[in-house]
1. What is the range 16-103 by shape, rounded, prolate or oblate, if you read a ≥ b ≥ c off the alpha carbon gyration tensor as root eigenvalues and call it rounded for a/c under 1.5, prolate for a/b larger than b/c, and oblate otherwise?
2. What distance in nm separates the two pseudo spin-label positions at residue 41 and residue 58, each 7 Å out from Cα along the beta-carbon direction?
3. Using Cβ counts within 10 Å as a stand-in for footprinting exposure, how do 28, 42 rank, fewest first?
4. Which whole-number percentage describes the relative contact order of the range 16-103, with Cα contacts under 8 Å and a sequence gap of 6 or more?
5. What ranking of 79, 34, 85 emerges when the number of other C-beta atoms within 10 Å of each C-beta is taken as an exposure proxy, fewest first?
6. So between residue 102 and residue 76, what do we pick up on full extension, going 0.36 nm a residue minus the alpha carbon distance?
């Protein structure tokens, strides 16, 4: 019975893999930090503003444009882009988690 030998990664391959993973982690961390900064700067965690954001995001069939969001909440368009893109990251994560749960048989049938 012969064992299959695993190819050993070179130091450069290992570092490249780790760097790529860290870069993605760093990107998420920086994006989240900027998202939090925007929330604090414009007090978007205020209940009335949070409700307004929720209504805007859930009542638009065609989506929300960054310029319209920026105008409604008095921010720069670039900040609106960062904010809305982080919301997309959260939605994608939620969808992937639900799909994973369904595949694992963890979802409840209605």
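1. Working: a/c = 2.21, a/b = 1.38, b/c = 1.60.
In terms of gyration-tensor shape, oblate.
2. 2.8 nm
3. Working: 28 13, 42 16.
Lowest count first: 28, 42.
4. Working: 32 pairs, mean separation 22.7, N = 88.
Value for the range 16-103: 26 percent.
5. Working: 79 20, 34 16, 85 13.
So the ranking, lowest neighbour count to highest, is 85, 34, 79.
6. Details: separation 26, 0.36 × 26 = 9.36 nm, distance 3.94 nm.
Gain on extension, residue 102 to residue 76, equals 5.4 nm.
Each value in this text was obtained by applying a stated rule to the coordinates, not by laboratory testing. All values reported here derive from a predicted model rather than from experimental measurement. So basically every Cβ, Gly included, is an ideal-geometry build from the backbone, and we count neighbours across all protein chains shown.
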